[in-house]
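Let me begin by presenting the structure, written as structure tokens, before commenting on it.
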Amino acid sequence: MLGLGTLARKIFGTPNDRKVKSVRSLVARINDLEPEFQALSDEGIKQKTAEFQRRVQEGGESLDDLLPEAFANCREGARRALGLRAFDVQLMGGIFLHQGNIAEMKTGEGKTLVATFPAYLNALAGKGVHVVTVNDYLAKRDAEWMGKVYAQLGLATGVVYPFQSDEEKKAAYAADITYATNNELGFDYLRDNMKASKEEMRQRGHFFAIVDEVDSILIDEARTPLIISGPSQDRSDLYTKVDKLIPELVEEHYKLDEKTRNVTFTEEGNEFLEKRLLETGLLPEGQSLYDPESTTIVHHVNQGLRAHKLFNRDQQYIVRDDEIMLIDEFTGRMMRGRRLSDGLHQAIEAKEGVSIQPENVTLASVTFQNYFRLYEKLGGMTGTAATEAEEFMEIYGLGVVEVPTNRPVARADEHDAVYRTAREKHDGIVASIKDAHERGQPILVGTTSIDKSEALSDLLKAAGIPHNVLNARQHEQEAQIVADAGKLGAVTIATNMAGRGTDIQLGGNVEMKVMQALAADPTAHPDEVRARIEAEHAEEKERVKEAGGLFVLGTERHESRRIDNQLRGRSGRQGDPGRSAFFLSLEDDLMRIFGSDRLDKVLSTLGMKEGEAIVHPWVNKSLEKAQAKVEARNFDIRKQLLKFDDVMNDQRKAIFSQRLEIMETEDLSEIAQDMRYQVIDDLIDQHMPPRSYADQWDIEGMHRAVQDKLGLDAPLAKWAQEEGVDLDVVRERLCEASDRQMTEKAEAFGPETMRSIEKQILLQTIDAKWREHLLTLEHLRSVVGFRGYAQRDPLSEYKTEAFALFESMLNSLRQDVTQKLAQVRPLSEEEQQAMMRQFLDQQRAAAAAEAPVAPAPQPAAAAPQPTPELVGAEAGEPDPAAWGNVARNDPCPCGSGLKYKHCHGRLD
Amino acid sequence: MTDANGAPAEAAPQIRMQVLAQYVRDMSFENMVAQKGLQGGDVQPDIQVQVSLDARKRSVEHQYEVITKFKVTSKNKSGSAETLFLLELDYGGIFHVENVPEDQLHPFLLIECPRLLFPFVRRIISDVTRDGGFPPLNVDTVDFLALYRMELARRAEAQKAAQPVQ
């Protein structure tokens, strides 16, 4: 039976087929050019690169025009450097990437090599190309491996990984092509925007990025923001105390909603808790949970409840080395160093009785979504993207193109087998594994969580089937287990991490076997060992193929079809035979929570018996619908998050670009002047209403404000008495006076110093204000949802409020900068000496305090950098406690020139 | 001028002391109730008075300047203890002091002279607080002798503490 759509596709081809067809002519041209480039010497290839660079950078030729020649040159370079000649489909993938698409390529098709083509082509523009991988190991491996190709072509390769020095990082980013992980790129971007000068910045713009495993980075990880944070105050004992109460709760005290992963207290729960909190003294006598003072305790209690009811050990996290390590729900990997925000992590730490780490405050943050949208052009590669094509298009403007495989896929994907209960399903799985194992077919069993993988492992043990388990706990042996997974009759149970980026090779991994053999017998000759093992391997591989290749058995459907496809894709690579099947039961989470009632009916109509599985396309369809529902829901969540984040992103872009401008500008006096004038305007608006007479002015207030903000003792009262003085005259006089003051200062400091002071003050103030602003936005975001109850759209409310906050931040930024600049003055000789003395005393004290613990740190590094020309807040916060008794009318010891009572002694 | 008899009882010269000038040297009054627009109402103030003294020789023979420093802090007794007002007054006088033995000069300047200045200080504080819209504050009489002894004791203590411990 052919539907209309199917018929149309038969005749016109799918949109994908058309895209693929459109690049065939380009590939043909590259093939035509091949002999020409093969004839070149090694030197000739390098010269071609130089020639291309000239043509792009000076001749203004477009990269598209250059594509055939550049690809031909790159193909030849790779052939000479690695001995790999790229297939036509790989060139195709390269072209799609260059065009800013996601190239969906099945695993094992050589994505690493594909990336070199667009990377090479775009590097010719000289603006840097980033190749993004999912982990540091892959970044280093690929950079080393493909670096040979680029070196052959005459381009430099850099690799970025954590804990590099600034110089190393800078050099890596300055290379033509830079390999890095998404995390490191994002963090470097944030760090760059906390730097004090342009020279210290590491990245040099965002031109073109090729993202490997793009679905993992842009979809799975998109929800996770990158955060640079600092510790805040410690409330660890409160977490522990609250934690003791949670186990006392019974079921009617809370409501657990598995679908939205949320848990809330019921009325009874609230009453019970209030009673217990009062008894334990956590809640002061006479205070109720609803009082505003109880916000903190309510927050702690809520997080405690979530920690207990939503987070299960070995499912969402594991405990290792006195630490809670989160597990990535998609890959099953441990996420070292990643922490839940808002006190939730601390609550889990309290629950497991490990040491509680202090909460963190955000200093800077960006989500991957926003980071990667900075690039002028983006390309991505993955094995599975088609199901999320809509999301890629909508958010990143990336099309998805399925690149045909070099050899046709010979894997048989079976329909799902559905059982009624989990027990029956497990029996079915064990029977199926046993059968395949006896025939010698290697089996990879995919599970969704660590404890499920272990439960299955117990079942197999009981059935007497030898097997390996691959989950986050076996991090170290991972490579070994993956290498063995393709051996004859091997049974491997894996969480869905199962070695992304590494291949399961039929018959096992040759390199691994050789290394083991050599380790066992170091005296043997490596070449002989290799020859022997290769022969054995070829034979084993043949036998595995005869047994049907790798059998992938899924024990549960994941929330996303993409993850299922990834699991399937482990089998049948590069034209190998293979088989995949999913075993499900009606008790699986996905079916239970999202499955439709129809499914139940369908199953009962089909007449299901105990121990019997149902295999029917209808069931598959129903399941896929359930999955699509979940996918759509997750997409909505991400889209919503993005909308909220967009607000912050626009502001971030504005601030970061301002920052960059300030760093780049030599002379900031004009910006400072603008700010000053603006502040004067604001002050006048505040104290002198427009079109008012002099006697309506708040002269005293204005005088105080002018002195405070501008450091000017303006004779306002006198001016007000003059004939014909209006607001404009006052404004003009104030501007003049402030200009004069700044000019005098600039002379006193010398123009160079003044400029650097201006720059420092501006940057420091921007950073501090931005940090505060981030925190405010975070808080706003956590409460803005409640506006929904008032029939208002939280998003638009958030937008307006965030904008108002942003404006007020800019306002106070201007004021602060002006005030600080007005208060800066050169130090007299004695003051400098006094400062030095104080500084040395502090150092001595610091050194003495540190001495018993550790050798005294290098003084220059340990103490804040002295800036002898500066007084005021910048010269290290002065310590008012050390000043003793200062009379109210005395000049403030901080050196601002103000009276103490108007400066640090100000009563507020 | 000595008596012709030159009687030894007459040998101790007459102590001469005269107030040459007296003045407010520095004053600061910060009315936080007015500045922050607090509710005056029926708050219970908690008033603290700090007194310190200073005396110095002037360039003219036998002349000394003695300064009494008063710091009066009024805080809200109940609740958040915010400051209601803060008054600082340096009230000084120039004294002509003659024929006081060297070892008694110090206590003389810091006990007798402030005693003479105090009533004026008291009046100023009372006036200023009243002018600030508060009930007039009449500072209790200060016992400058006791104050002096306390200061001596404190210094001795401080000296002891400063001695390096062997």
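The values are calculated or read from the model by the stated rules, or taken from the named source; none is laboratory data. Quick caveat, the model's predicted, so the values are computed rather than measured. Cβ atoms come from the backbone with ideal geometry, glycine included; neighbour counts cover every protein chain shown. Heads up: the accessible areas ignore ligands, DNA and RNA and are worked out on the full protein's heavy atoms, side chains in. Shrake-Rupley method; radii C 1.70, N 1.55, O 1.52, S 1.80 Å.
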Subject >> residue B:116 vs. criteria modelled with pLDDT of 90 or more and touching a strand residue (DSSP E or B) at 6+ places or on another chain (Cβ under 9 Å) >> reply: yes
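Residue-by-condition table, conditions (1) of a type outside the set (A, V, I, L, M, F, W, C); (2) open to solvent by 20 Å² or more (accessible area, probe 1.4 Å):
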position: A:163; (1), (2): no, yes
position: A:166; (1), (2): yes, yes
position: A:173; (1), (2): yes, no
position: A:183; (1), (2): yes, yes
position: A:195; (1), (2): yes, yes
position: A:201; (1), (2): no, yes
position: A:206; (1), (2): yes, yes
position: A:210; (1), (2): no, no
position: A:215; (1), (2): yes, no
Subject >> Test for residue A:481: is it in contact (Cβ under 8 Å) with a residue 12 or more places away in the chain, open to solvent by less than 10 Å² (accessible area, probe 1.4 Å), part of a helix (DSSP H, G or I) and among the hydrophobic types (A, V, I, L, M, F, W, C) >> reply: no
Original post:
Which condition number in (1) in a helix (DSSP H, G or I); (2) at pLDDT below 85; (3) loosely packed, with under 14 Cβ neighbours inside 10 Å is the one that residue A:709 fails?
Top reply: (3)
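Kindly indicate whether residue A:472 is more than 30 Å from residue A:313 (Cβ to Cβ), modelled with pLDDT under 85, open to solvent by less than 50 Å² (accessible area, probe 1.4 Å) and in contact with a helix residue (DSSP H, G or I) (Cβ under 7 Å, 6 or more places away or on another chain).
Criteria not met by residue A:472.
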Original post:
Within segment A:654-701, which residues are basic (Lys, Arg) and open to solvent by 100 Å² or more (accessible area, probe 1.4 Å)?
Top reply: A:691
**OP:** Please tell me if residue B:155 is surrounded by 10 or more Cβ atoms within 10 Å (Cβ to Cβ), closer than 17 Å to residue B:47 by Cβ and without any contact (Cβ under 8 Å) to a residue 24 or more places away in the chain.
**Re:** no
**OP:** Count, please, the residues in segment A:396-430 that happen to be assigned to a loop (DSSP other than H, G, I, E, B) and under 30 Å from residue A:93 (Cα atoms).
**Re:** 10
**OP:** Mind counting the residues in segment A:708-758 that are hydroxyl-bearing (Ser, Thr, Tyr), without any contact (Cβ under 8 Å) to a residue 12 or more places away in the chain and either in contact with a strand residue (DSSP E or B) (Cβ under 7 Å, 6 or more places away or on another chain) or within 16 Å of residue A:822 (Cβ to Cβ) (or both)?
**Re:** 1
Original post:
open to solvent by 30 Å² or more (accessible area, probe 1.4 Å) and assigned to a helix (DSSP H, G or I), is that true of residue A:650?
Top reply: yes
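Looking for whichever is touching a residue at least 12 places away in the same chain (Cβ under 8 Å), open to solvent by 10 Å² or more (accessible area, probe 1.4 Å) and touching a strand residue (DSSP E or B) at 6+ places or on another chain (Cβ under 7 Å) here; the options are A:127, A:148, A:111, A:106. Which one fits? Spell out the reasoning first.
On the way: A:127 fails: touching a strand residue (DSSP E or B) at 6+ places or on another chain (Cβ under 7 Å); A:148 fails: touching a strand residue (DSSP E or B) at 6+ places or on another chain (Cβ under 7 Å); A:106 fails: touching a strand residue (DSSP E or B) at 6+ places or on another chain (Cβ under 7 Å).
Answer to the selection: A:111.
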Original post:
When residues of segment A:32-64 are filtered for being charged (D, E, K, R) and under 35 Å from the mean Cα position of the chain (by Cα), how many remain?
Top reply: 1
